[in-house]
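Each reported figure results from applying straightforward, stated rules to the coordinates on display, with no laboratory input. These numbers come from a predicted model, not from an experiment. All Cβ positions, glycine included, derive from the backbone under ideal geometry; neighbour counts span all protein chains shown.
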Amino acid sequence: MAGTIDPNDAMVVAFSKLGTTGVSDAMDRLGLGGQVLGVKPVGRDFTLCGRAFTVRNEPMTAGHKGESVGDYIDDVPVGGVVVIDNGGRMDATVWGDILTIMADRNHLGGTVINGVCRDSDRAMKLNYPIFSRGTYMRTGKDRVRADAYNEPVSLGEVRVVPGDLILGDGDGIVVVASEHEEAVLAAAKEIEEAEERIRNEIAKGGRLDAAREKFKYHSLQSRQ
């Protein structure tokens, strides 16, 4: 259940073939952050890969009632991943049924929320990937408002800059800054290829310790 991938972005296409675990290990090797804690897919089979279109929300204040938190949706490019920073707030949703329908219709890559979503059954029916800190039915209308678009935002401990590469699967979300994409991609490919060789070796009946030694498993994620 993957979101739309931009076929014209070679780096996005390349990362879409990897898993978050290999990319996370590559980041560890390179001494980079980017592993998002606590944001999980609404559907276990959801995957996404694309460039971040960021939205920052803030609590509603006097004089701002009735404002929308979703009118930006038609400005997100095909394959773009909507990254919403609602400060990790768990009691007011910033994504629901209508936004899911629009995002699916517009062929977006998916949605990642530092907060919660609702109407999750629609995402499941449309196979539209949403990653969030949970689901909750309480509306964000008159409680939060969109404050800024395409500015740096936070997914908890991880900073997201517009255009950063976002990769998500059943194990969570990783954020790869544009200046590190090539190094992370190369390291992740090397790690995943070594692990595949280990799997093939033990499938033939070999010892795990011998296979790990042969393919240098214990140094794959070590800082270099």
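Using the Kirkwood formula on the Cα atoms of the chain, what hydrodynamic radius do you get, in angstrom to one decimal?
By the Kirkwood definition, the hydrodynamic radius is 18.1 Å.
Among 83, 188, 131, flag the residue with its Cα farthest along the positive direction of the charge dipole of the chain, charges on Cβ as +1 for Lys/Arg and -1 for Asp/Glu.
Among 83, 188, 131, the one farthest towards the positive end of the dipole of the chain is 131.
What is the sum of charges, Lys and Arg at +1 and Asp and Glu at -1, for the other residues whose Cβ falls under 10 Å from the Cβ of residue 148? Each step should come with its number before you reach the end.
Working: positive: 56; negative: 58, 85, 147, 151.
For residues surrounding residue 148, the net value is -3.
About the Cα centre of the stretch 47-141, how large is the charge dipole given +1 on each Lys and Arg Cβ and -1 on each Asp and Glu Cβ? Please answer in debye to the nearest 20.
Once rounded to the nearest 20, the dipole reads 200 debye.
Applying 1/(1 + (r/R0)^6) with R0 = 41 Å to the Cβ-Cβ distance of residue 197 and residue 126, what FRET efficiency is obtained, to the nearest 0.05?
0.60
Put a dot 7 Å past each Cα toward the Cβ at residue 154 and residue 14; how far apart are the dots in nm?
3.2 nm
Residue by residue through the stretch 70-84, which ³J(HN,Hα) values in whole Hz follow from phi under the Karplus form 6.51 cos²θ - 1.76 cosθ + 1.60 (θ = phi - 60°), with glycine and proline marked x?
In residue order, the calculated couplings are x, 6, 6, 4, 6, 8, 7, x, 3, x, x, 9, 6, 10, 10 Hz.
Tell me, what HN-Hα J-couplings in whole Hz come from the Karplus equation 6.51 cos²θ - 1.76 cosθ + 1.60 at θ = phi - 60° for each residue of the stretch 37-44, using x for Gly and Pro?
Each residue of the stretch 37-44 in turn: 8, x, 9, 10, x, 5, x, 4 Hz.
Would you mind calculating the relative contact order of the chain from Cα pairs under 8 angstrom and at least 6 residues apart, reporting the percent as a whole number?
For the chain, the relative contact order is 30 percent.
Just how large is the dipole of the chain about the Cα centre, in debye to the nearest 20, putting +1 at every Lys and Arg Cβ and -1 at every Asp and Glu Cβ?
The calculated dipole for the chain is roughly 600 debye.
Taking only Cα atoms, what is the 0 to 90° angle, nearest 10, from helix 20-30's long axis to the longest principal axis of the chain?
The answer is roughly 70 degrees.
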